[in-house]
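Chemist: Pasting a structure below so you can have a look.
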Amino acid sequence: MEFSQFEHKTIQGIEGCRGAIKNCGRNSILHLEKASAIRDLDIEMAFFRGITAEEEAASALFYCLKNHKYQNSKRILFKEHTYKLGLYPFLLGIGAFLDETLQHDSSPFDKFYLNHIETNGRQAIELLLNMPKQKVTARPVPPLNFTVSESYTGEVCTFENNFNELVNGAGFDDVLKYVKDVATTRNKILYADSSGRPRVEGDIVSYLNHQKRKVMAFLNIVLMIDPWEKNNGTSLFVQQALDSFLLVLNRIKADDVYQPNH
């Protein structure tokens, strides 16, 4: 499997992590590479390794949150496929919200981008937000140390509406049903049933590239958290996103969401 220069730097950066973060991150890349190697020989197992790569990269991020003692991180069920495979769709919901925010007329930003740098003796990723009218670039430190709050209440947004839109668009009326259906796909390609043996059809190359985008998204986020925490502290938006994720999965209640302005 081919990786871009940016992706290679991310993979190298994961080597600077420790323990389960590093091992899960490494294993996610290994699964991608092996999936690519066997895609013409065994498409079902290539598909399965693609799913497992996503799960391992999600686990790397979960362990990162746990190791840095983010509030409510102990509520993550690490062994549940629904959590690992439901994470990327949830992040898409947050991404849609942030994209909407950036494009709003009142936003001082017009675009953002990521950049590899060295910080605290580690390879890391920073977030750069372009402010065209002021002709400057904002650089949060740590990169995700900001919040998005309701203007009237001051309470942090929890992105349920954005995730629900994605879930409804996929033909589901309930978030938990949606993430469970996503996770069930994993088993459908492994086990035969009364309808016959499992078969995978379609463009496996495009599928594996899609899985690679998921894996790299998770690992990029790890490098926006892990190298910064020791000297720069925890990140408010990471806490906000974690609480929002656990809230839609019914692992916490609204009162458990951390409110920095209260």
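Chemist: G13: net charge of surrounding residues, Cβ under 10 Å, Lys/Arg +1, Asp/Glu -1, itself excluded?
Modeler: Net local charge, G13 excluded: -1.
Chemist: Another question, then. Charges on Cβ only, +1 for Lys and Arg, -1 for Asp and Glu, centred on the Cα centroid of the chain; of C157, L32, G13, which one is farthest towards the dipole's positive end?
Modeler: G13
Chemist: Setting aside same-chain residues fewer than 8 positions from K74, which aspartates and glutamates have a Cα under 15 Å from its Cα?
Modeler: The qualifying aspartates and glutamates are D243, D256.
Chemist: Give me the aspartates and glutamates in straight-line cross-link reach of K214: C-alpha distance below 16 Å, same-chain residues under 8 apart excluded.
Modeler: Filter leaves E2, E7, E33, E54, E55, E56.
Chemist: Is there a pair in K9/K79; K22/K69; K9/K34; K79/K253; K84/K253; K66/K253 whose C-alpha atoms are over 24 Å apart, and which pairs would that be?
Modeler: Over 24 Å apart, Cα to Cα: K9/K79.
Chemist: Given the options T147, T82, T185, state which has the largest fluctuation in a GNM of the chain using a 10 Å cut-off (strictly under) for Cα springs.
Modeler: Comparing T147, T82, T185 in a Gaussian network model of the chain, the most mobile one is T185.
Chemist: Still on this structure: Please report the spacing between the Cα centers of the stretch 45-59 and the stretch 83-99 in Å, no decimals.
Modeler: 17
Chemist: Mean separation of Cα pairs under 8 Å and 6+ residues apart, divided by the residue count of the chain: what relative contact order is that in percent?
Modeler: 27
Chemist: Helix-only mean residue ellipticity at 222 nm, the chain, DSSP H runs n ≥ 4 weighted -39,500 (n - 2.57), per residue, nearest 500. What is it?
Modeler: Only helices count here, giving -18000 deg cm²/dmol.
Chemist: I'm spelling it out carefully: the read-out is log10 I(q)/I(0) by the Debye sum over Cα atoms at q = 0.08, 0.12, 0.13, 0.17 Å⁻¹, the candidates are (i) -0.34, -0.77, -0.90, -1.48; (ii) -0.29, -0.66, -0.79, -1.38; (iii) -0.37, -0.81, -0.92, -1.30, and one was derived from this structure. Which label?
Modeler: Matching entry in (i) -0.34, -0.77, -0.90, -1.48; (ii) -0.29, -0.66, -0.79, -1.38; (iii) -0.37, -0.81, -0.92, -1.30: (i).
Chemist: Can you tell me the 0 to 90 degree angle between the C-alpha axis of helix 160-169 and the longest principal axis of the chain, rounded to 10?
Modeler: For 160-169 against the chain, the angle is about 30 degrees.
Chemist: Now, a different point. Check the straight Cα-Cα distances from K135 and name the lysines below 19 Å, setting aside those fewer than 8 residues away within the same chain.
Modeler: List returned: K111.
Chemist: Going by how many other beta carbons lie within 10 Å of each one, how would you line up L190, L144, fewest first?
Modeler: Going from least to most buried by this count: L190, L144.
Values quoted throughout were computed directly from the atomic coordinates according to the rules given, and no laboratory measurement underlies them. The shown structure was predicted, so the numbers you read here are calculated from the model rather than taken from an experiment. All Cβ positions, glycine included, derive from the backbone under ideal geometry; neighbour counts span all protein chains shown.
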